[in-house]
Structures are given as C-alpha cells and as structure tokens.
1. May I ask you to list the residues in the range 27-56 that are surrounded by 13 or more Cβ atoms within 10 Å (Cβ to Cβ) and more than 23 Å from Phe96 (Cα to Cα)?
2. Being in contact with a helix residue (DSSP H, G or I) (Cβ under 7 Å, 6 or more places away or on another chain), not charged (D, E, K, R) and not in a loop (DSSP other than H, G, I, E, B): is that true of Ala126 here?
3. List pairs: first in the range 110-124 and over 17 Å from Arg35 (Cα atoms) and open to solvent by less than 30 Å² (accessible area, probe 1.4 Å), second of a type in the set (Phe, Trp, Tyr) and assigned to a helix (DSSP H, G or I), Cβ under 8 Å, 6+ apart or cross-chain?
4. Those residues that are over 20 Å from Gln109 (Cβ atoms), in contact (Cβ under 8 Å) with a residue 60 or more places away in the chain and assigned to a loop (DSSP other than H, G, I, E, B), I need them from the range 33-88; list them, please.
5. Taking the options Thr3, Thr25, Thr49, name whichever one is of a type in the set (S, T, N, Q) and modelled with pLDDT under 95.
6. Hey, Thr59 hits all of (1) open to solvent by 40 Å² or more (accessible area, probe 1.4 Å); (2) hydroxyl-bearing (Ser, Thr, Tyr); (3) closer than 25 Å to Thr116 by Cα but one; which does it fall short on?
Amino acid sequence: MMTSETPWRTDEHGILLGARVHDATLVKLIISEERLVFEMRRLSGELVTVELLGLGQFTLQELWNGAIVSELWVWKVGSVPETSWSIPDGPWNVLFSNARMKPSDARRQAAKIAETSPNAFLVQLACSYGGSVAAICDRIRVFENGT
C-alpha cells in the first residue's frame, strides 16, 4: 500500500480541500501531547490521514464509534469568521464549550490565541449525526493511502 503526503488548501469557507473526507468513516483517532491524528476510510476503501502537529487546546464532543465525517474545516486562528460565534457548533464554540467557560471568556481566549500564535490553525472535524472535534495546532499534514 502506497502512502503519500497530499498538499492541502481550504476553500473560501475554510473547508479542507485535497483530502476528500466527506462521508468517510473515522476509523482511528490518536491523541498524544504533541499531535492529534484522524484516520478516515473513504467509501472507496482508501484511507486518508490528517495529522495535527504542535497540538494546543483541543476538545472531543459526543464522538461515537463509526462516526461519519461531514466536514473538516481549517482556519488560521486570526481568520475564523466572526459570524461563527453565533453558530452553536461553530469552531470556537466547540473548542470553548459552555461547560468550560462563559462566552465572554471564550472570546477573550480566542483573541489571546490569535495574538500570541498568529500562525496557528483552528481545525474542526464535524461528524454527521453528532460528534465534533476542535483543536489548535501549529502544522497540518495530510496523507492518502491507496488500496
């Protein structure tokens, strides 16, 4: 099986392009101090791995086995759309869930991250039928594994 790193970019909404993970099944999740890794199996059987390196704050919410990926978004921390604050499952709201801190504190924390780590990314993995992951990281690598 060939594994190759795939260049990636985002569309104007922040959706990750180059990985084609919509409707893929999350088959592996690795969490360590320095990285967060998602391995997803496309309907075709091919595997896609997205690796978040230089991991900062992150959260996993209501993630179930057999999760189907809906979207994977990536923004520079200073470029997350302001309108996303009004969306309950928007990226900052997932990262700083109400159980963790008040909305006013979350906005201050997001501004602090953008100020102190302007080159960092905010990544959000959203799954159909619930389940979401949000993470701050320094670098993103995408790999495709042919079958």
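1. Selection gives Val27, Glu39, Met40, Arg41, Arg42, Glu46, Leu47, Val48, Thr49.
2. Values: in contact with a helix residue (DSSP H, G or I) (Cβ under 7 Å, 6 or more places away or on another chain): no; not charged (D, E, K, R): yes; not in a loop (DSSP other than H, G, I, E, B): yes.
The answer is no for Ala126.
3. What qualifies is Ala110/Trp92.
4. Ser44, Gly45, Glu46, Glu62, Leu63, Trp64, Ala67
5. Unique residue meeting the criteria: Thr3.
6. The number of the failed condition is (1).
The values are calculated or read from the model by the stated rules, or taken from the named source; none is laboratory data. Just so we're clear, the structure is a prediction, and the values are computed from it rather than from any experiment. So basically every Cβ, Gly included, is an ideal-geometry build from the backbone, and we count neighbours across all protein chains shown. All accessible areas refer to the heavy atoms of the entire protein, side chains included, with ligands and DNA or RNA removed. Shrake-Rupley method; radii C 1.70, N 1.55, O 1.52, S 1.80 Å.
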